[in-house]
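Reading through the structure tokens given below for one structure.
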Amino acid sequence: MISAGATVADPLLRLFAPSHRADPYTPAAELRAAGAVHRTPLGLRLLTRYADAAAVLQNTAWSHADEAAHLHPSVAAASAAEELPTSFLWMDPPDHTRLRTLVSKAFVPRMVTRLRPRIERLAESLVDGALAAGEFDLIQQIAYPLPLTIVCELMGIPVEAHADVQRWSQDLARGFDPDPLMTPEAHAARSAAASEFMAYLRSLIDQRKADPRDDLLSALSLVEDQGDVLTELEMLSTCLTTVVAGHETTVNLVGSGLLALMRNPDQLAVLRARPEVIPAAVDELLRYEPPVQLTTRSATRAMTVAGEEFAPGDGVVVLINSGNRDPAAFTDPDRLDVTRYHDRATPPPRHLAFSLGIHYCLGAPLAQLEMSVLLEVLLRKVSVLEPRTDTPPYKPNLIVRGLAALPTRFA
């Protein structure tokens, strides 16, 4: 499958192989050192360096509407919206603007701040339960319940459906990966998850239209009555996208971020001594272990990037994990430094974990608040945080990368 020179064939294989999910950064660094642009088995060119990645992500002449065609050629165009219900994530203006605006009011910092008391109570309850257990799986007992509960409550999804929502979301997040890297079972699970989740949301929206409540699902179900035009498929995919994107990446931030801190006890000690650094530490954890490892864009006109010519329709893979560790952008990039983004006279560049430009992550304020609150609670309540294994298992996911489990001890 590799159509590249010998110097990059091996790191490309390691970058894409599920067996190397624990360390995508070494092959990414090898690729970055070998050149700014490489061809990949996907038929797309890969951008390895921060400056090029940031330039593409911020330029609206690079479209995000072709990701399904680039990564999921097995899905017929006519059924892509139902098989891969990503709503505005894979759209360009004006549809991107129209649909994103419907959801954005719930995630502005002012609205998110109102959720802090609820997030604090939930984080304290989860940490108390973990302390009582002593040894536990951090992914299932903290990383999933915290953001999943909050986004479900925000949307208005009842607690009895949370387990199903978690299962559907996991299968859909896996389904973002390129089709050639997925097993037949993963393809079938993605299709089933999309169908079942959409059917569930359809019934819930019908209930809200008849009996509105103070939740985002009710607000979206009444959009048409307020003068906007929203098809049923747009409504369903927008709700689904908000739920999946609203917690799956945060799960990975919590799991990978806490593992990074446990592996770097000196940085955990900094947070204990200087809790005011916590918000900056969240940004550093996102830079160091981005939950979304790569994204794609397509040229809408002839353009040049890193000295290479791109014709209209040509696609690129923006390698976020490589850009976030580019030494040309970040000093000592492979070192976790929780003060990196804290009150520096010369601040570092913005990390790419939330993307840049018009596709900057809508849920960024909520994810940052959830992780900040969790760190505050942990530092206040837990004296000992340690992983119970040096080799925790990772999900097979290439794009939405995260731990499958993290045996942990609290005391």
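Let's see how each residue does on (1) acidic (Asp, Glu); (2) on the phi < 0 side of the Ramachandran plot; (3) in contact with a Ser or Thr (Cβ under 6 Å, 6 or more places away or on another chain):
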site: 17; (1), (2), (3): no, yes, no
site: 29; (1), (2), (3): no, yes, no
site: 61; (1), (2), (3): no, yes, yes
site: 75; (1), (2), (3): no, yes, no
site: 78; (1), (2), (3): no, yes, no
site: 82; (1), (2), (3): yes, yes, no
site: 85; (1), (2), (3): no, yes, yes
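With touching a Lys or Arg at 6+ places or on another chain (Cβ under 7 Å), of a type outside the set (Lys, Arg) and over 22 Å from residue 254 (Cα atoms) as the only criterion, which of 186, 192, 161 stands out?
After ruling out the rest, the residue left standing is 186.
Considering only residues that are open to solvent by less than 60 Å² (accessible area, probe 1.4 Å), small (Gly, Ala, Ser) and free of Cβ contacts under 8 Å to residues at least 60 places away in the same chain, which ones fall in segment 77-103?
Selection gives 79, 80.
Of all residues in segment 62-114, which are among the polar types (S, T, N, Q) and farther than 18 Å from residue 180 by Cα?
Residues satisfying the conditions are 63, 79, 86, 87, 97, 101, 104, 113.
Just to be sure before I move on: is residue 299 touching a residue at least 24 places away in the same chain (Cβ under 8 Å) and open to solvent by less than 10 Å² (accessible area, probe 1.4 Å) in the structure I sent?
Taking the combined requirement at face value, the residue satisfies it.
Taking only segment 6-34 into account, find how many residues are in contact (Cβ under 8 Å) with a residue 60 or more places away in the chain and surrounded by fewer than 22 Cβ atoms within 10 Å (Cβ to Cβ).
Of the residues in that region, 6 qualify.
The rows are residues; the columns are (1) part of a helix (DSSP H, G or I); (2) modelled with pLDDT of 95 or more; (3) under 30 Å from residue 121 (Cα atoms); (4) touching a strand residue (DSSP E or B) at 6+ places or on another chain (Cβ under 8 Å).
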| position | (1), (2), (3), (4) |
| --- | --- |
| 332 | no, yes, no, no |
| 339 | no, yes, yes, no |
| 344 | no, no, no, no |
| 347 | no, no, no, no |
| 351 | no, yes, yes, no |
| 365 | yes, no, yes, no |
| 374 | yes, yes, yes, no |
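Which residue pairs have Cβ atoms under 8 Å apart, sit 6 or more places apart or on different chains, and have a first residue in segment 168-193 that is open to solvent by 20 Å² or more (accessible area, probe 1.4 Å) and a second that is among the hydroxyl-bearing types (Ser, Thr, Tyr)?
187/74
Filter segment 8-44 down to residues that are of a type in the set (A, V, I, L, M, F, W, C), more than 14 Å from residue 318 (Cβ to Cβ) and either modelled with pLDDT of 95 or more or in a helix (DSSP H, G or I) (or both), then give me how many there are.
Count: 9.
Take the residues in segment 148-167 that are open to solvent by 40 Å² or more (accessible area, probe 1.4 Å) and in contact (Cβ under 8 Å) with a residue 12 or more places away in the chain; name whichever of them is farthest from residue 399 (Cα to Cα).
153
With the condition kept exactly as written, say whether any residue in segment 64-73 is open to solvent by less than 20 Å² (accessible area, probe 1.4 Å) and either in contact with a Lys or Arg (Cβ under 9 Å, 6 or more places away or on another chain) or at positive phi (or both).
Scanning segment 64-73, I find at least one residue that is open to solvent by less than 20 Å² (accessible area, probe 1.4 Å) and either in contact with a Lys or Arg (Cβ under 9 Å, 6 or more places away or on another chain) or at positive phi (or both), so the answer is yes.
Given the conditions (1) within 24 Å of residue 149 (Cβ to Cβ); (2) open to solvent by 30 Å² or more (accessible area, probe 1.4 Å); (3) more than 24 Å from the chain's Cα centre (by Cα), which single one is not true for residue 249?
Of (1) within 24 Å of residue 149 (Cβ to Cβ); (2) open to solvent by 30 Å² or more (accessible area, probe 1.4 Å); (3) more than 24 Å from the chain's Cα centre (by Cα), only one is false for residue 249: (3).
Report the residue count in segment 302-348 for those that are over 22 Å from the mean Cα position of the chain (by Cα), more than 27 Å from residue 176 (Cα to Cα) and acidic (Asp, Glu).
Residues that pass the stated criteria total 4.
State all residues of segment 129-152 that are polar (S, T, N, Q) and within 17 Å of residue 382 (Cβ to Cβ); if no residue qualifies, say none.
141
Could you check, for segment 104-121, whether at least one of its residues is without any contact (Cβ under 8 Å) to a residue 40 or more places away in the chain, buried (at least 17 other Cβ atoms within 10 Å of the Cβ) and in a helix (DSSP H, G or I)?
no
Would you confirm, using the coordinates I've provided, whether residue 148 is outside any loop (DSSP other than H, G, I, E, B) and over 27 Å from residue 388 (Cα atoms)?
no
Would you be able to say whether some residue in segment 244-254 is closer than 19 Å to residue 107 by Cβ, outside any helix (DSSP H, G or I) and either out of contact with any strand residue (DSSP E or B) (no Cβ under 8 Å at 6 or more places or on another chain) or among the β-branched types (Val, Ile, Thr) (or both)?
Yes, some residue in segment 244-254 is closer than 19 Å to residue 107 by Cβ, outside any helix (DSSP H, G or I) and either out of contact with any strand residue (DSSP E or B) (no Cβ under 8 Å at 6 or more places or on another chain) or among the β-branched types (Val, Ile, Thr) (or both).
The values are calculated or read from the model by the stated rules, or taken from the named source; none is laboratory data. Source: prediction; values computed, not measured. When we count neighbours, we look across all protein chains shown, and the Cβ atoms used for this are built from the backbone with ideal geometry, even at glycine. For accessibility, only protein heavy atoms count, side chains too; no ligands or nucleic acids. Shrake-Rupley method; radii C 1.70, N 1.55, O 1.52, S 1.80 Å.
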